[in-house]
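The values are calculated or read from the model by the stated rules, or taken from the named source; none is laboratory data. Quick caveat: nothing in here was measured; it's all calculated off a predicted structure. Methodologically, a virtual Cβ is constructed for each residue, glycine included, from the backbone with ideal geometry; neighbour enumeration extends over all protein chains shown. Remember, those area values only see protein heavy atoms, side chains included, never the ligands or the DNA or RNA. Shrake-Rupley method; radii C 1.70, N 1.55, O 1.52, S 1.80 Å.
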Amino acid sequence: MDTDYTGSDKPRVQTAARTVEILKHVARQRGAGISAKQISDDLLIPRQVVYHLIHTLVETDMLRKIGGSSYALGFGVAAIADGFKRQLTAPGMMAELAEQAAKITGETAYIVGWIDGEIVVMATATGTAPIRAGEIAQGTTGDAHARASGKMLLSMAHPSERDQYLSKHELRKRTQNTMLDVEVLKRELAQTRERGFAFENEEYAPGLSCLAVPIGKMPSQMVLGLSAPSERFNQNLDRYVERLKDIAKR
């Protein structure tokens with residue numbers, strides 16, 4: 001068995017890990033698929049290994065061959081995507097993460113993610129601090145440019161997906177601090193992706209500041225965030241980042 005020990009006590013089956021990486025890499029492509037050679041070059045996996053794994057994925061309908069030498073997701077992936085969407089909207093799944101964050105930080109917390117091309121609030125949990133931010137209603141969309149959660153998700157999106165979203169959503173002025181210039185926002189998104197977390201200082205609502213971190217590994221389709229009165233937020237930013245990252249990586 002090709003087991004790879006990577007410094008931890010837990011072994012990782014390398015074949016399984018590589019198979020998953022190939023599927024994720026194909027899923028991130030835009031247009032007419034990707035060749036086995038390109039997959040090998042991008043993921044630094046030996047080409048012969050890539051061909052072997054792709055053959056298995058095609059046989060199991062997880063990939064399909066298109067054109068002469070390119071591959072795209074197969075119809076078998078639809079069952080996984082459908083199950084993920086179904087389970088994602090299960091009442092307790094997202095609420096639990098938000099509730100953990102609210103309990104540990106004392107601040108109002110929320111889960112935000114991509115649904116059908118929109119950035120949507122999926123779950124919220126009220127903080128325990130005496131003075132705190134109000135809940136953002138589940139299902140809230142829009143103003144992603146002014147929200148930490150929106151900035152984090154846009155920073156991880158493929159450029160075409162990001163540009164499509166921005167072309168359909170006006171950079172509406174929420175406060176005096178709201179970014180209204182697309183090019184300035186794009187520079188902020190690049191910095192956000194490099195930093196690994198997003199924050200905004202009274203860009204969405206006066207007196208409130210927000211933070212967001214990816215759930216799981218980047219690039220992610222969901223983020224965990226919190227809102228707090230600006231003074232307390234600025235005093236505790238480092239601690240909040242550490243707490244949210246710890247919860248989100250679980």
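Results for (1) under 21 Å from ASP143 (Cβ atoms); (2) open to solvent by less than 40 Å² (accessible area, probe 1.4 Å); (3) touching an Asp or Glu at 6+ places or on another chain (Cβ under 7 Å), shown as yes or no for each residue.
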residue	(1), (2), (3)
THR192	yes, yes, no
SER209	yes, yes, yes
MET222	yes, yes, no
GLU242	no, no, no
ARG250	no, no, no
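Close Cβ contacts (under 8 Å, 6 or more residues apart or on different chains) running from residues in the stretch 197-210 that are of a type in the set (Gly, Ala, Ser) to residues that are open to solvent by 20 Å² or more (accessible area, probe 1.4 Å) comprise ALA205/ARG174; GLY207/PRO229; SER209/PHE199; SER209/ASN201; SER209/GLU202; SER209/PRO229; SER209/ASN234.
Please report, ordered by residue number, the helices (runs of 4 or more DSSP H) entirely within the stretch 9-103 with at least 3 residues that are modelled with pLDDT of 90 or more and open to solvent by less than 50 Å² (accessible area, probe 1.4 Å). Lay out the reasoning, then the answer.
Details: elements: 14-27, 36-43, 47-59, 77-88.
Passing ranges, in order: 14-27, 36-43, 47-59.
Taken over the stretch 121-135, residues that are crowded, with 19+ Cβ neighbours inside 10 Å, touching a Gly at 6+ places or on another chain (Cβ under 9 Å) and of a type outside the set (D, E, K, R) amount to 4.
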